[in-house]
Amino acid sequence: MRYLSTRGQPERRRFCEILLEGLAPDGGLYLPERYPQVDAATLAKWRGLSYPELAFELLSLYIDDIPAADLKAICAKTYTAEIFGTAEIVPLRELEDGVYLEALSNGPTLAFKDMAMQLLGNLFEYELGRRGEELNILGATSGDTGSAAEYAMRGKKGVRVFMTSPDGRMSPFQQAQMFSLQDPNIHNLAVTGVFDDCQDIVKAVSSDLDFKRKYRIGTVNSINWARLLAQVVYYFAGYFQATGSNDKQVSFTVPSGNFGNVCAGHVARSMGLPIRTLVVATNENDVLDEFFRTGVYRVRSAADTHETSSPSMDISKASNFERFVFDLVGRDAAKTRALFEGELGSNGRFDLSADPVFAQAAGRFGFASSRSTHADRLATIRDTDKRFATLIDTHTADGLKAAREHLAPGVPMIVLETALPIKFAETIVEALGHAPDRPARFEGIEALPRRVVQLPANAEAVKAYIAQHCA
């Protein structure tokens, strides 16, 4: 299996090369040259597998430069009941007729990002050990990616983490999870600005090839293909749990800000998993909903990016969206580059509404979308608690509202859970009048000493910090 850049770089790379690289040198994102196809016989073979076994089978289709025995051991080490709370790893429960919740938040940081980040940490440690090298990971987080990455990488040999986050824009619990870590290989950088500023810094540093090579810069954001690939697994796991046979379709609803989680669903569907609809659930920052309704992708400024009660989706530049657009325009790298470097770079938007390919977003690729507000979240949290005795977080509430708007008779709708409610306690208290349960290991976390540095929203300032701490 070889990987190409969405912006046309001619060189093809192998998995372990792009694992440590992140962005392609031309600024594009890596994708496989083709999506391996999974037929009914393969689905039947995979249906009875445990989660780590399923992960190994699926990852093996994309990774051929790690010996099979080693990859199998990495999957077995990653996906355990001890780490994720249950042997099923991602248990599915039916909430109401035809609507399911897939639990993705039982990992160390109580968010779905753990599903991929735990694997990524083990892959990094394995490959760096094999090469005898070190890696400096630069990341951006709107809340959950940062803590998931830091908990996965803390204490890992040969790895340092430099995690940028928007200063004051995460929930108190999210901040405490990250900033309370005292591990010397973890560096928290609170940036004056919004998440998009942090993401721009990561891309700017990654695009400085001399700096990137000198300081061995890698990424853990979903611009890293390995991270997205790991997320594909739980689409298959959810499908098997919701169906009894391989001729049945399902739909998924995915709370989405950066388009990484739902892009994994796009990959699963492109491989042949019988997914009818992929519903993109957004909050008031509805850039993606606007595109799927109108064909216009219009990035908002920092001043126009709303601070909401589902903060992990307070994003107006969905970095993984480029991967989908590349597929949407027929894998035309020149056109993709013109859209993202040319039109988006110059005008802050591009318009595919008159392009015949736009209709394929729904027709060929199965996408639909929805938008929620703070009032919608409160209502959905209250209703779910009252009718089903189930407490959901704010992002999952966005997903559940969207799911109900796109139900089809006889087609199970699986809502991907985003995080446990404790991460957004303030809104839960507003909705229900009481705080959500808190796992014992996180009692008093907000009062712990903090280790965080404030920096301006400036790539040069971040590069100077990295250089200083890699000396």
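The values are calculated or read from the model by the stated rules, or taken from the named source; none is laboratory data. The model shown is predicted, which means the values in this text are computed figures rather than measured ones. FYI the Cβ positions are ideal-geometry reconstructions off the backbone, even for glycines, and counts take in every protein chain you see.
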Any residue that is farther than 22 Å from R169 by Cβ and either in contact with a strand residue (DSSP E or B) (Cβ under 9 Å, 6 or more places away or on another chain) or of a type in the set (S, T, N, Q) (or both) - is there at least one of those in the stretch 297-315? yes
Any idea which residue in the stretch 125-183 is farthest from H306 (Cα to Cα), counting only those that are in a loop (DSSP other than H, G, I, E, B) and under 20 Å from the mean Cα position of the chain (by Cα)? R154
Can you name every residue in the stretch 316-342 that is outside any helix (DSSP H, G or I) and under 30 Å from G168 (Cα atoms)? S316, K317, A318, S319, N320
Can you tell me which residue among D210, D247, D200 is in a helix (DSSP H, G or I), on the phi < 0 side of the Ramachandran plot, touching a helix residue (DSSP H, G or I) at 6+ places or on another chain (Cβ under 8 Å) and among the charged types (D, E, K, R)? D200
Kindly establish whether L104 is crowded, with 24+ Cβ neighbours inside 10 Å and in contact (Cβ under 8 Å) with a residue 12 or more places away in the chain. yes
Answer yes or no as to whether S105 is of a type in the set (S, T, N, Q) and in the same structural domain as L339 (by TED's automatic domain parsing). yes
Residues satisfying the stated conditions in the stretch 17-29, i.e. under 17 Å from R216 (Cβ atoms) and more than 20 Å from the chain's Cα centre (by Cα): E17, P25
So, of the residues in the stretch 39-56 that are assigned to a helix (DSSP H, G or I) and among the charged types (D, E, K, R), which turns out to be surrounded by the fewest Cβ atoms within 10 Å (Cβ to Cβ)? K45
How many residues does the stretch 430-461 contain that are under 24 Å from G257 (Cα atoms) and assigned to a helix (DSSP H, G or I)? 3
If a residue has to be more than 15 Å from F321 (Cβ to Cβ) and touching a residue at least 24 places away in the same chain (Cβ under 8 Å) to count, how many in the stretch 334-359 make the cut? 4
Restricting to helices (runs of 4 or more DSSP H) lying wholly in the stretch 343-400: which have 1 or more residues that are touching a helix residue (DSSP H, G or I) at 6+ places or on another chain (Cβ under 9 Å) and under 17 Å from D314 (Cβ atoms)? 374-388
Pairs under 8 Å by beta carbon, first residue over 18 Å from A237 (Cβ atoms) in the stretch 56-83, partner crowded, with 16+ Cβ neighbours inside 10 Å and of a type in the set (D, E, K, R), six or more apart or different chains? I66/E127
Restricting attention to the stretch 57-108, the residues that are over 22 Å from the mean Cα position of the chain (by Cα), among the small types (G, A, S) and in a loop (DSSP other than H, G, I, E, B) number exactly 2
For the stretch 392-424, which positions are closer than 20 Å to A375 by Cα and surrounded by fewer than 18 Cβ atoms within 10 Å (Cβ to Cβ)? R404, E405
Considering the stretch 414-471 alone, what residues qualify as being at pLDDT 95 or above and at positive phi? G433
May I ask you to list the residues in the stretch 266-311 that are out of contact with any Gly (no Cβ under 9 Å at 6 or more places or on another chain) and in a strand (DSSP E or B)? V280, V296, Y297
Answer residue from the stretch 278-314, given it is aliphatic (A, V, I, L, M) and within 21 Å of F252 (Cα to Cα) and is surrounded by the fewest Cβ atoms within 10 Å (Cβ to Cβ) among those: V287
Can you work out which of the residues in the stretch 1-38 that are within 22 Å of I201 (Cβ to Cβ) and either assigned by TED's automatic domain parsing to the domain that holds L209 or of a type in the set (G, A, S) (or both) is surrounded by the most Cβ atoms within 10 Å (Cβ to Cβ)? G22
Does D196 count as buried (at least 23 other Cβ atoms within 10 Å of the Cβ) and either modelled with pLDDT under 90 or of a type in the set (D, E, K, R) (or both)? yes
Subset of the stretch 221-253 that is closer than 30 Å to V202 by Cα and among the aliphatic types (A, V, I, L, M) - its residue that is modelled with the lowest pLDDT: I223
Given the residues K335, K401, K386, which is the only one that is at pLDDT 95 or above and either within 18 Å of L288 (Cα to Cα) or acidic (D, E) (or both)? K401
Test result for S372, crowded, with 22+ Cβ neighbours inside 10 Å, over 23 Å from L29 (Cα atoms) and at pLDDT 95 or above: yes
Of (1) crowded, with 24+ Cβ neighbours inside 10 Å; (2) touching a strand residue (DSSP E or B) at 6+ places or on another chain (Cβ under 7 Å), Q174 satisfies all except one. Which? (2)
For Y215, work out the one condition from (1) outside the structural domain of V280 (by TED's automatic domain parsing); (2) more than 27 Å from N122 (Cβ to Cβ) it doesn't fulfil. (2)
